[in-house]
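The structure under discussion appears below in the form of C-alpha cells.
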Amino acid sequence: MQRLLGNEYGAFVQALQLPPPVSVRLNPGKTAAFPALPRVPWASKGYYLPERPAFTLDPLLHAGSYYVQEASSMFLEQALKQAVDVQQPLHVLDLCGAPGGKSTHLASLLSEESLLVSNEVIRSRASILAENVAKWGSGNVLVTSNDPRDFCRLHHFFDVMVVDAPCSGEGMFRKDPQAVVEWSEENVKLCAQRQQRILTDVWEALKPGGLLIYSTCTWNEQENEANMDWLAAQENAQSVHLRLQPEWGVEPSRQQGVEGYRFYPHRVQGEGFFMAVIRKAGEARVADHSKSKKKKYKLTLAGKKEQALVQDWLQQPERYIWLQHGEVISALPANLFEAADEVYQNLYVLYAGTEVAEVKGRKLKPLQGLALSQHLNKKAFATAELDLEQAVRYLRKEDISLGSSGNDWLLLQYRDVPLGWAKQVGTRMNNYYPKEWRIRMDLPQELPVFDLLQP
C-alpha cells in the first residue's frame, strides 16, 4: 500500500481509524422522495446518512423502499450506464449476488424488458438474496443457486456479467474486524486463484461483444489489475474506459492496457473497492431458431381459471405470462418466457418473477412477493394503514388488532407502502408475514421514528 499510495499513505492509515460512512440507495419503483441528505456522487439514488440508525426497526426497509448499501459499490451504476445501452432488452448476470446490493441496483437500472439472473452458490445466502429481490419487487429477476461452472451450459446467453468476486476483503478492514483476522498473503494468493477459476468458468456464457464488470472489495493488485490483465490476454478482451469526475476522488489505474478504478477511504466517502470493465472479443450474433426442433418447455402455464382469478392483481396484466410451479402461481413479463425457460432448463431457480398466489384447494392465498411488487394493483384489495408500533409488531409476526371485523384478505401498509398480508376472520386478524423474515431483535422501550424518506 505504501508503494501504491506514496505520500498519501499516512492519510490512508488515518482514514482506516475513522467510523465507516453510512449510505442507502432508494428504490425508484417505490418512492419518489428526494431526501435533504448528501448525495453519493456516482449513484443517482444514493444518499449518505449522518449516523447509522437501527435500520431493523424501520418498516420501510422491510418494504423495499430502500437498501442499505456501501457507497463505493454503487459505482456499478457508472459502469453499466457508460458502457451499455440500458434502454435495450438485456440478459444480465449477477454471479455472486448475495445479499442483494448489486442485484437490486441492477434491477433499478435495467429496462423492464430485461432479464436479470441473480445467483448465489451458497444456498443459505441464496435465500437471503431471494428475500431482498422479492422486497425490491421489480418482477424481472430470476434468483438461482449454482456453481459458476454451471453457467457454461448457457452458451453466449448474457449481454452483461457482473462478478463481484469473493476476495481477501482489505477494503472492509475498518468495517469488519474479522476481515483483518482472516487476512494473510497466502489467502490473497488463494483468492486470486479462485477468482481466475470463477472467471474461466463463466466466460463461455458471455456473448461475443458482451461486457464483464468485475469488482472486489480489496486493494492488492493480484486480485485486481493482475487478474484483469490475465483475462484480457487469455481471451483477447478489451478494456473499457469510464469517465470520472475529479471531485469523486476515484483513482484510475492502468496495467498492461487494462484500466481499473480504485476507491480509497481517504479519498472517497466509502470503503475500499476496485472495479474494471472489459469487453469480450467478437460481435454479438442473433440466434437463428428457424431450423430448430419444436422445443419442450420446462415452465408450465397456470390454468385459465387461476389466471382469471389473479390477472387483476397486477397492473397491466396483459404484460405478463402466468406460470405455475407446484402450488405457486408466478407472473413473469411475457417477453422473457423463452429466456427464463432456458435458465430453468440449465440451472436451479430459487425464485422467479413475482410470486403472486398459492393455490389452496379452490381458493387462492396472495403471497408476500405480490404485496411487495412494484406493479401491485392495490385497487384489487382492501387495505389498512398501520402506525409505527403496529407495523413493527406485524413485522415481528405478532398479533395485531385494528378494531375491525370481516372475512377478507387485507393488504397492510405503512406510510402508504405495502408491508404484507393479513387475513381478517371475524374480529381476529391472522398475521401472514413470512416467519423466516420476521424481526428478531429486542425492541427498545420507545421506537425510533425514521425520517429517512421525508423530503
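The values are calculated or read from the model by the stated rules, or taken from the named source; none is laboratory data. Here the structure is a predicted model, which means the values were calculated and not measured. With ideal geometry, Cβ positions are generated from the backbone for all residues, glycine too; neighbour counts draw on all protein chains shown. Accessible surface is based on the protein model in full, side chains and every heavy atom, while ligands, DNA and RNA are left aside. Shrake-Rupley method; radii C 1.70, N 1.55, O 1.52, S 1.80 Å.
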Answer with yes or no whether GLN324 is at pLDDT 95 or above and either buried (at least 19 other Cβ atoms within 10 Å of the Cβ) or among the acidic types (Asp, Glu) (or both).
no
Leading residue by the ranking (surrounded by the most Cβ atoms within 10 Å (Cβ to Cβ)) among those in the stretch 69-102 that are acidic (Asp, Glu) and within 23 Å of ARG262 (Cβ to Cβ)
ASP94
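Residue-by-condition table, conditions (1) in the same structural domain as ILE122 (by TED's automatic domain parsing); (2) more than 29 Å from SER124 (Cβ to Cβ); (3) not β-branched (Val, Ile, Thr):
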residue	(1), (2), (3)
VAL349	no, no, no
GLU355	no, no, yes
LEU364	no, yes, yes
LEU372	no, no, yes
ARG393	no, no, yes
LEU412	no, no, yes
GLY420	no, no, yes
PRO448	no, yes, yes
Look at LEU314 and say whether it is closer than 23 Å to LEU419 by Cβ, modelled with pLDDT under 95 and open to solvent by less than 50 Å² (accessible area, probe 1.4 Å).
no
Residue by residue through the stretch 343-357, note down the ones that are in contact with a Ser or Thr (Cβ under 7 Å, 6 or more places away or on another chain) and part of a strand (DSSP E or B).
VAL349, LEU350, ALA352, THR354, GLU355, VAL356
Among the residues of the stretch 56-70, is any assigned to a helix (DSSP H, G or I), of a type in the set (D, E, K, R) and farther than 24 Å from LEU443 by Cα?
no
As an exercise: evaluate GLN424 against (1) in a strand (DSSP E or B); (2) over 24 Å from the mean Cα position of the chain (by Cα); (3) under 30 Å from ALA32 (Cα atoms); (4) not aliphatic (A, V, I, L, M) and give the number of the one condition it does not meet.
(3)
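So that you can scan it fast, the table gives a plain yes or no per residue for (1) hydroxyl-bearing (Ser, Thr, Tyr); (2) modelled with pLDDT under 95; (3) part of a strand (DSSP E or B):
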residue: GLN374; (1), (2), (3): no, no, no
residue: THR383; (1), (2), (3): yes, no, yes
residue: ARG393; (1), (2), (3): no, no, no
residue: GLU398; (1), (2), (3): no, no, no
residue: ASP408; (1), (2), (3): no, yes, yes
residue: LEU447; (1), (2), (3): no, yes, no
residue: PRO455; (1), (2), (3): no, yes, no
So which residues in the stretch 344-375 are open to solvent by less than 10 Å² (accessible area, probe 1.4 Å) and farther than 16 Å from ALA107 by Cβ, if there are any at all?
VAL356, ALA357, PRO366, LEU370, ALA371
Across the stretch 118-172, what is the number of residues that are of a type in the set (A, V, I, L, M), touching a Pro at 6+ places or on another chain (Cβ under 8 Å) and open to solvent by 20 Å² or more (accessible area, probe 1.4 Å)?
2
I need the full set of residues from the stretch 427-445 which are open to solvent by 20 Å² or more (accessible area, probe 1.4 Å) and assigned to a strand (DSSP E or B), in order please.
ARG428, ASN430, ASN431
Name the residues in the stretch 56-68 that are open to solvent by 20 Å² or more (accessible area, probe 1.4 Å) and either modelled with pLDDT under 95 or among the aromatic types (Phe, Trp, Tyr) (or both), would you?
TYR67
Residue in the stretch 257-269 that is touching a Lys or Arg at 6+ places or on another chain (Cβ under 8 Å) and closer than 26 Å to GLU8 by Cα present:
yes
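Okay, residues lined up against (1) among the basic types (Lys, Arg); (2) loosely packed, with under 14 Cβ neighbours inside 10 Å; (3) outside any loop (DSSP other than H, G, I, E, B):
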residue: ASN7; (1), (2), (3): no, yes, yes
residue: PHE12; (1), (2), (3): no, no, yes
residue: PRO20; (1), (2), (3): no, no, no
residue: LYS30; (1), (2), (3): yes, no, no
residue: PHE34; (1), (2), (3): no, yes, no
residue: PRO41; (1), (2), (3): no, no, no
residue: GLU51; (1), (2), (3): no, yes, no
With the requirement that a residue be charged (D, E, K, R), under 28 Å from PRO21 (Cβ atoms) and surrounded by fewer than 18 Cβ atoms within 10 Å (Cβ to Cβ), what does the stretch 222-258 give you?
ARG243, GLU247, GLU251, ARG254
Please verify whether the stretch 103-117 includes one or more residues that are modelled with pLDDT of 95 or more, buried (at least 21 other Cβ atoms within 10 Å of the Cβ) and assigned to a loop (DSSP other than H, G, I, E, B).
yes
Taking the stretch 311-342 and keeping only residues that are farther than 18 Å from GLN368 by Cα, assigned to a strand (DSSP E or B) and out of contact with any helix residue (DSSP H, G or I) (no Cβ under 8 Å at 6 or more places or on another chain), one is left with none
